[in-house]
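Reviewing the structure listed below.
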Amino acid sequence: ALGQGFAAFVGPVYTRCVGLIERKRAAEQRAAQYGEEPPDKEFLVCALDLISGVTEGMADQVAPVIGAHAPSLLKALLVCMSDSSPDVRQSAYALVGDLAKASIEVLRPGLSEFLPVLTEHLNPDFVSVCNNAAWAIGEIAIKVGADLRHYCSVEAILQRLIPIINRHESINKSLLENTAITLGRLGVVAPELAAPLLETFIKPWCLALRSIRDDIEKEHAFMGLTAMIRLNPRAPLNCFVELCDAFCSWGTPPAELHQTFSQLLHGYKGSIPPEQWQAFMAGIPEDLRARLTERYAL
């Protein structure tokens with residue numbers, strides 16, 4: 001609620017939260033060593049969530065006020081990312097995403113350690129953990145750009161995400177959408193790695209994102225999709241109706257993206273005989289045909 005008006009309190013709050021995490025981890029180690037009752041994980045979860053809230057509130061002003069607290073925060077966060085409790089991991093991955101979104105430079109020193117852990121926990125059996133891991137990877141990717149491959153194996157992330165999106169009929173809706181968005185963001189930063197695999201996930205991708213609201217995450221996702229299609233134009237041929245529907249799902253796409261959609265659609269139209277295109281248009285739902293005609297003069 002206070003946003004950047006909370007700046008005066010950030011230092012003490014970060015210090016106390018990180019100290020709480022460190023003390024609870026030490027207590028866990030003692031409990032394991034002496035067979036005692038382990039401490040309540042809720043303290044870890046609350047400390048992580050509080051840091052997330054502060055980070056979100058401070059936005060791009062968080063870096064200078066964290067200052068010297070950053071190394072101890074990253075160290076404590078890395079430990080929490082591999083905690084045995086899914087609740088702790090879920091909150092830890094949310095914090096990674098919030099830090100990436102607010103100030104990637106705070107997070108950058110830990111990326112080579114954080115990203116492999118996030119990749120390892122792209123497991124849909126733990127929906128909320130997997131959801132936050134996928135989202136955090138996407139936020140990191142869009143901030144570090146092509147440098148992502150210096151910190152992790154993009155191929156390994158793709159190999160984890162693609163089976164998840166292909167379980168679209170039985171997967172949590174939020175997880176499905178975040179998986180699709182992150183695949184799109186990987187298409188922005190590493191299209192040459194993602195494009196050869198596009199045919200294996202483009203149909204569920206289009207179905208997943210056709211109904212989400214217009215926002216910056218959707219914009220990133222479709223930027224990545226179009227970048228992949230340019231490198232692998234054959235990929236959508238078996239799900240061209242779904243692709244058209246996804247393009248038309250936008251209320252008002254950004255001008256550059258709208259132009260890219262138009263270029264791609266007209267490129268496909270120009271690549272086949274006119275009678276085949278007419279047959280395709282005649283065979284699609286009337287409302288979609290009307291949108292394609294109105295928006296893209298097809």
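The values are calculated or read from the model by the stated rules, or taken from the named source; none is laboratory data. The structure displayed is predicted, hence computed values, not measured ones. Here the Cβ positions follow ideal geometry from the backbone for every residue, glycine too, while neighbour counts run over all protein chains shown. Surface areas here come from the heavy atoms of the whole protein model, side chains and all, with no ligands, DNA or RNA. Shrake-Rupley method; radii C 1.70, N 1.55, O 1.52, S 1.80 Å.
Quick notes
- Any chance residue 58 is open to solvent by less than 50 Å² (accessible area, probe 1.4 Å) and more than 23 Å from residue 117 (Cα to Cα): yes
- Residue pairs meeting the criteria (Cβ under 7 Å; at least 6 apart or on separate chains; first in contact (Cβ under 8 Å) with a residue 40 or more places away in the chain, in the range 258-278; second open to solvent by 80 Å² or more (accessible area, probe 1.4 Å)): none
- Within the range 155-179, residues that are closer than 21 Å to residue 211 by Cα and modelled with pLDDT of 95 or more have Cβ atoms under 6 Å from residues that are open to solvent by 30 Å² or more (accessible area, probe 1.4 Å) and in a helix (DSSP H, G or I) in these pairs: 162/200; 175/127; 178/135, counting only partners at least 6 apart in sequence or on another chain.
- Yes/no for residue 148 being of a type outside the set (Lys, Arg), under 16 Å from the mean Cα position of the chain (by Cα) and either under 25 Å from residue 54 (Cβ atoms) or not in a helix (DSSP H, G or I) (or both): no
- Qualifying residue in the range 124-143 (condition: in contact (Cβ under 8 Å) with a residue 12 or more places away in the chain, outside any helix (DSSP H, G or I) and within 27 Å of residue 246 (Cα to Cα)): yes
- Identity of the residue in the range 97-121, open to solvent by less than 20 Å² (accessible area, probe 1.4 Å) and either free of Cβ contacts under 8 Å to residues at least 12 places away in the same chain or within 14 Å of residue 72 (Cα to Cα) (or both), that ends up nearest to the chain's Cα centre (by Cα): 107
- When we screen 204, 236, 254 for residues that are modelled with pLDDT of 95 or more, touching a Leu at 6+ places or on another chain (Cβ under 6 Å) and not small (Gly, Ala, Ser), the only hit is 236.
Okay, residues lined up against (1) modelled with pLDDT of 90 or more; (2) under 30 Å from residue 125 (Cβ atoms):
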{"site": "13", "(1), (2)": "yes, no"}
{"site": "25", "(1), (2)": "no, yes"}
{"site": "28", "(1), (2)": "no, yes"}
{"site": "50", "(1), (2)": "yes, yes"}
{"site": "65", "(1), (2)": "no, no"}
{"site": "76", "(1), (2)": "yes, yes"}
{"site": "83", "(1), (2)": "yes, yes"}
{"site": "86", "(1), (2)": "yes, yes"}
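- Screening the range 239-262 for residues that are polar (S, T, N, Q) and in contact with a Ser or Thr (Cβ under 9 Å, 6 or more places away or on another chain) and picking the one that is farthest from residue 203 (Cα to Cα) gives 260.
- With respect to the conditions (1) under 22 Å from the mean Cα position of the chain (by Cα); (2) at pLDDT 90 or above, residue 42 falls short on a single one, namely (1).
- Residues that are part of a helix (DSSP H, G or I), loosely packed, with under 15 Cβ neighbours inside 10 Å and in contact with a helix residue (DSSP H, G or I) (Cβ under 8 Å, 6 or more places away or on another chain) within the range 152-184 comprise 155, 156, 174, listed in sequence order.
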